[in-house]
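Novice: Following this message is one structure expressed as structure tokens.
Please treat every number below as a calculation from the coordinates, not as lab data. Being a predicted model, the structure only gives us computed values, none of them experimental. Every residue, glycine among them, receives a Cβ derived from its backbone with ideal geometry; neighbour counts consider all protein chains shown.
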Amino acid sequence: MAQDHGFHPVRIKLVIQETADTRTFVLDAPFSYRAGQFLTIKICGTLRSYSMSSSPATDADLMTTVKRVPGGLVSNWMHDNLEPGDVIETTRPAGAFCLRETSAPLVALCGGSGITPILSLVKTALAATERPVRILAANRDASSIIFAARLAELAERHPGRLEVRHHLDDVDGLVTEPVIREFTGGDTNADFYLCGPQPFMDLCESALLALGADRGRIFIERFTPPAEEPSGDEREGTVTIVLNGRQETVAQRDGETVLQSARRAGLSPPFSCESGHCATCMARVTEGEVKMRVNDALEDDEVAEGWVLTCQGEPAGPHVTVVYED
């Protein structure tokens, strides 16, 4: 059965100030979800994806935690305007940054607000399994640690099973490969979960691979759109995009996704993570063939019906037509 990727009205029950620039929004949302997943929120016509900090194993309410981003349209609007009782539009939870069934240790490496989905995973692992859990949380300084009290409480409640190590840049300098190597202790018999700024995750992934960790046991949550559009050479073929009753056709370019072609055509298609996780950019192929690089959001029957993630889909034929939902 196809997933529901539409938007739903959700009421805010409570707003919790976590740090000076981070708030948790407690939602009256009857959605089922897995630890580590996220919601895509629509604010003023703009879409952004935010991870849940709650756990389906321990929390009665669904919670998403949002850090204010300088210049960020959605995060700033949410911080400045949303109060209990307000209603926002969100998708159902989605994402593949989830626990797998195993007894292996869980080792999490996170930076800044990357602790958000990690907290969801950790609470679930501690409540529903016997797995040992270790967290390396990197932050600018002590005042910027999100969930500091909750992490301390969890560590006290689960002595011997949960280790939380805080790395503060103003005290310890930036995280380096030796720091990661020392933290892991050379033990690669674990599932590793990485979330944080892109350079931090790249460093952690490289360090873990150098230690001999299995790439298939390194799980990374990425919400980092490309900084700029590619400028590949034009090639034979066209891409036709239909969005909100408007139809535009452009020549295909090497390495360009359907989403990027739509932007180049002057359209404003929906998108959020640009990583193949959230399905915000999904559209239906009505002519030709589109191949996806990554698909962590669409089910097999949706793909069979012609749906693609346009942020990951490249034309695989001379003429392609893609139609976005109204």
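Novice: Using only the Cα atoms of region 106-221, build the gyration tensor, take square roots of its eigenvalues as a ≥ b ≥ c, and label the shape rounded, prolate or oblate: rounded if a/c is under 1.5, else prolate if a/b is larger than b/c, else oblate.
Specialist: oblate
Novice: Next question, about the same structure. What are the lysines whose alpha-carbon lies under 27 Å from the alpha-carbon of Lys123, with same-chain residues fewer than 8 places away excluded?
Specialist: List returned: Lys13, Lys67.
Novice: Based on the alpha-carbon gyration tensor of the chain and its eigenvalue square roots a ≥ b ≥ c, which shape applies: rounded if a/c is under 1.5, prolate if not and a/b is larger than b/c, or oblate?
Specialist: Prolate, because a/c is 1.5 or more and a/b exceeds b/c.
Novice: Say each of Arg215 and Glu236 gets a label point 7 Å from the Cα, pointing the same way as Cα to Cβ; how far apart are those two points in nm?
Specialist: Modelled inter-label distance: 3.3 nm.
Novice: What is the extension gain from Arg100 to Thr249, computed as 0.36 nm multiplied by their sequence separation minus the C-alpha to C-alpha distance, in nm to one decimal?
Specialist: 49.4 nm
Novice: Per the helix-only calculation at 222 nm, which mean residue ellipticity applies to the chain, given -39500 (n - 2.57) for every DSSP H run of n ≥ 4 and division by its residues, nearest 500 deg cm²/dmol?
Specialist: Calculated mean residue ellipticity at 222 nm is -6000 deg cm²/dmol.
Novice: Here's another thing I want to ask about it. May I ask you to sort Glu325, Glu205 by Cβ crowding, counting other Cβ atoms within 10 Å and putting the fewest first?
Specialist: Listed from fewest to most nearby Cβ atoms, that is Glu325, Glu205.
Novice: Classify region 234-284: rounded, prolate or oblate, from the alpha-carbon gyration tensor (a ≥ b ≥ c, eigenvalue square roots; a/c under 1.5 rounded; otherwise prolate if a/b is larger than b/c)?
Specialist: oblate
Novice: Further, regarding this structure: What's the center-to-center distance, using Cα atoms, between region 262-318 and region 38-111 in Å?
Specialist: 23 Å
Novice: Residue separation times 0.36 nm, minus the C-alpha to C-alpha distance between Ala127 and Val303: what's the value?
Specialist: Extending this stretch completely gives an extra 59.8 nm.
Novice: Further question on the same structure: Can you sort Cys273, Cys98 from fewest to most other Cβ atoms within 10 Å of each residue's own Cβ?
Specialist: Cys98, Cys273
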